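Trainee: One structure coming up, written as structure tokens, with questions to follow.
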Amino acid sequence: MNVTEKDYFVPFSDYAEDSFVEKRSKFTGRLWRVETAEEAVAKIKEMRETYWDATHNCYAYILREGNIMRYSDDGEPQGTAGMPMLEVLRHEGLVNVCCVVTRYFGGILLGTGGLVRAYTKGVQIAVAAAGVQQMSRFATLLIACPYNLLGTVQQVLPAHDCTVEDTDYGADVTLTVVQPVGGLDALNRALADATAGTVYAEPMDERFMGRRIK
């Protein structure tokens, strides 16, 4: 992988769209969460085939892997569509995202500034419709405790941003818990204090998980 292990931001929805009319031209922004260039190109191709009669199908996409950024004005004056679209995605900090803004010309010229504003808005409304989620690294932990300490352990977890994903009732109760990476030491100190040193969390693995922030 050529990506870092830092938090990143992606669209919350797999797909979203919204439209507006500016001086009789209709603009529709469509946005997808994508993982690869092939997936982004396929979405762009699909829009061009579906809306073949549109005046323009401009696009921008950003991929986390390889820090890839691509855009196209699709016949609009250079710099009035694709780059402004890309700048919106960059301003939002989004990656693994593809946006196509489709325009049906309404007969009134918008001018360079008008086009920049229109294509900017086309992406902004699509992003607003999709929402944004923050992807952060979470650790999966196992916590085994006697039945008589289950309530005590459950009271400790919320203060350490822990979420219980599974509970197994065997000889002891085993909780499968996820927690943002970096909080294990503090959690284990709290568990030890609450259970007289008898219960600890054991790290299993790590993965990225998303939380909606917009």
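Trainee: Please work out if THR140 is closer than 30 Å to PRO11 by Cβ and either outside the structural domain of ARG64 (by TED's automatic domain parsing) or in a loop (DSSP other than H, G, I, E, B) (or both).
Mentor: Values: closer than 30 Å to PRO11 by Cβ: yes; either outside the structural domain of ARG64 (by TED's automatic domain parsing) or in a loop (DSSP other than H, G, I, E, B) (or both): yes.
Yes: the conditions hold for THR140.
Residues checked against (1) outside the structural domain of VAL21 (by TED's automatic domain parsing); (2) within 19 Å of ARG33 (Cβ to Cβ); (3) of a type outside the set (D, E, K, R):
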{"position": "MET47", "(1), (2), (3)": "no, yes, yes"}
{"position": "LEU63", "(1), (2), (3)": "no, yes, yes"}
{"position": "MET69", "(1), (2), (3)": "no, yes, yes"}
{"position": "ALA81", "(1), (2), (3)": "no, no, yes"}
{"position": "GLU92", "(1), (2), (3)": "no, yes, no"}
{"position": "GLY107", "(1), (2), (3)": "no, no, yes"}
{"position": "LEU115", "(1), (2), (3)": "no, no, yes"}
{"position": "GLN124", "(1), (2), (3)": "no, yes, yes"}
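Trainee: Against the condition of a type in the set (Phe, Trp, Tyr), buried (at least 18 other Cβ atoms within 10 Å of the Cβ) and farther than 21 Å from ARG212 by Cβ, how does TYR8 come out, does it pass?
Mentor: On the way: of a type in the set (Phe, Trp, Tyr): yes; buried (at least 18 other Cβ atoms within 10 Å of the Cβ): yes; farther than 21 Å from ARG212 by Cβ: no.
Criteria not met by TYR8.
Trainee: Quick check on ASP73: is it closer than 13 Å to PHE105 by Cβ and without any contact (Cβ under 8 Å) to a residue 60 or more places away in the chain? Reasoning before the result, please.
Mentor: Working: closer than 13 Å to PHE105 by Cβ: no; without any contact (Cβ under 8 Å) to a residue 60 or more places away in the chain: yes.
Here the answer is no, as ASP73 does not meet what is asked.
Trainee: Going by what's in this entry, would GLY82 be described as under 28 Å from MET135 (Cα atoms) and touching a Ser or Thr at 6+ places or on another chain (Cβ under 7 Å)?
Mentor: Details: under 28 Å from MET135 (Cα atoms): yes; touching a Ser or Thr at 6+ places or on another chain (Cβ under 7 Å): yes.
It is true that GLY82 is under 28 Å from MET135 (Cα atoms) and touching a Ser or Thr at 6+ places or on another chain (Cβ under 7 Å).
Trainee: Select from segment 175-196 the residues that are loosely packed, with under 15 Cβ neighbours inside 10 Å and at pLDDT 95 or above and list them in ascending order.
Mentor: ASP185, ALA186, ARG189, ALA192, ASP193, ALA196
The values are calculated or read from the model by the stated rules, or taken from the named source; none is laboratory data. Just so it is clear, the structure is predicted and the values come from calculations on it, not from any experiment. Cβ atoms come from the backbone with ideal geometry, glycine included; neighbour counts cover every protein chain shown.
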